[in-house]
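What follows is a single structure, written as structure tokens, with notes after it.
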Ligand code: CS2
């Protein structure tokens, strides 16, 4: 692979002879957005939309400064930094064609663990009008059991004691907003891009809880000068595999150490609540609406929950990618029935969205055989995902006395999954901050399945619902005795 051209700003003209590249002058673009969390999802989505905007409109003040907040992000930071923020987006079309484009909207990169001050100052800088966040569902530090901010998190305690060298997003935002206020700076927008219902509202609530303890005098300023629009962000983005990297580089002749792969579908629905201006993202396909709730609810309970259903059942069954699970006819019938019988009735009051069409599109998206979306990715951090993706449907169904049998089967499958072996007896790679507690409860559940539901920070008060406990116990026993596939068949035919 000797003649590959290294992807970076200096080589861009040469790279452009091989692959579609930014045609705008990146050196003139300055950052107006700080984005925290520069993983694949951001780079397939917001950075993609923003690149298109820079390309189509020649604006120069809406570049992105990407921040790696965690030590875990060291590798991605080093890679992006070495490539001057450039990377290739590889879109895996439904017919197997690959659409490749170098994205140029990330014009700066910062690494917070090395230089927290620089990140705080950047967030407080007058050039920055928006801070966007992709910090994962668990990153909001919300405790399902107490329904409040989790002050017991040792990292939060650390931030309270070391305000100038924080580790969490809450410590950073507090210091940055404090500095902004001291500098008599303009207001700012904090925009969550995570898969959470009311993601802006939650970001605000959690931040204010922290600020109340850390810098209470800042609260009135935040209320007046900071907005937190809700948004719904959608594009399936598997983890980039070594094969994706070598295929791209061999076919294009460039050396990109970390391209991003994704599906063709993309959607971004945002509430238009920006304190000090925003990019005209609508010119490149984003939708600005008054109320994002219907879109969010639909996406979280159908797409993300659909992933969880396929992921957990598929993992136990021994599959490694989502398309394998969706092409098992019994599992896909199960998913369709779950969506029609248990989710759809809870969405009956949604206005402005076409549920039937959405469900149909979803099955095509899940079935994209070129994506090879990893079941390990989908099942990771399930303890943060179930409460957002699946349990709201369960609670709404219990309230309206509708069926919860399909959801209960998925939760039961998760309890068995948490024992750490699939049905072929192979180890499962479980990546979850609650892994130890999950494993302990999974063992207890072998004697008495309902004990799995004792994990209150995940299930809240669900264990007090007799209907759910019964459905869950029945499903747990059925899977333990007959395996996932037979149980799914039995449920499909019930
Ligand atoms: C997935 C999401 O992590 C998950 O469980 O459901 O990452 C999903 O691929 C994206 O939300 C798609 O927009």
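Only one of the numbered conditions (1) over 29 Å from the mean Cα position of the chain (by Cα); (2) within 23 Å of residue 383 (Cβ to Cβ); (3) touching a residue at least 12 places away in the same chain (Cβ under 8 Å) is not met by residue 457, and that is (1).
Residue 370: under 28 Å from residue 95 (Cβ atoms), assigned to a helix (DSSP H, G or I) and within 16 Å of the ligand (Cβ to nearest atom), yes or no? So residue 370 does not fit the description; no.
Considering region 249-265 alone, what residues qualify as being over 26 Å from residue 81 (Cα atoms) and near the ligand (Cβ under 9 Å from one of its atoms)?
Filtering region 249-265 for residues over 26 Å from residue 81 (Cα atoms) gives 264-265.
Across region 249-265, the qualifying residue is only 265.
Anything in region 88-124 that is touching a residue at least 40 places away in the same chain (Cβ under 8 Å) and in a loop (DSSP other than H, G, I, E, B)? List them, or say none. Passing the criteria: 93, 94, 96, 104, 105, 112, 113. Is at least one residue of region 339-362 closer than 29 Å to residue 244 by Cβ, within 15 Å of the ligand (Cβ to nearest atom) and surrounded by fewer than 19 Cβ atoms within 10 Å (Cβ to Cβ)? Yes, that holds for at least one residue.
One residue stands out among those in region 460-494 that are at pLDDT below 95 and exposed (fewer than 15 other Cβ atoms within 10 Å of the Cβ): the one that is nearest to residue 383 (Cα to Cα), which is 461.
Name every residue in region 376-402 that is near the ligand (Cβ under 10 Å from one of its atoms) and part of a helix (DSSP H, G or I), in order of residue number.
Going through region 376-402, the residues near the ligand (Cβ under 10 Å from one of its atoms) turn out to be 377-382, 384-385, 388-389.
Result: 377, 378, 379, 382, 384, 385, 388, 389.
The values are calculated or read from the model by the stated rules, or taken from the named source; none is laboratory data. Everything quoted here is computed from the prediction, not taken from an experiment. Counting neighbours? That spans all protein chains shown, and the Cβs are built from the backbone with ideal geometry, glycine included.
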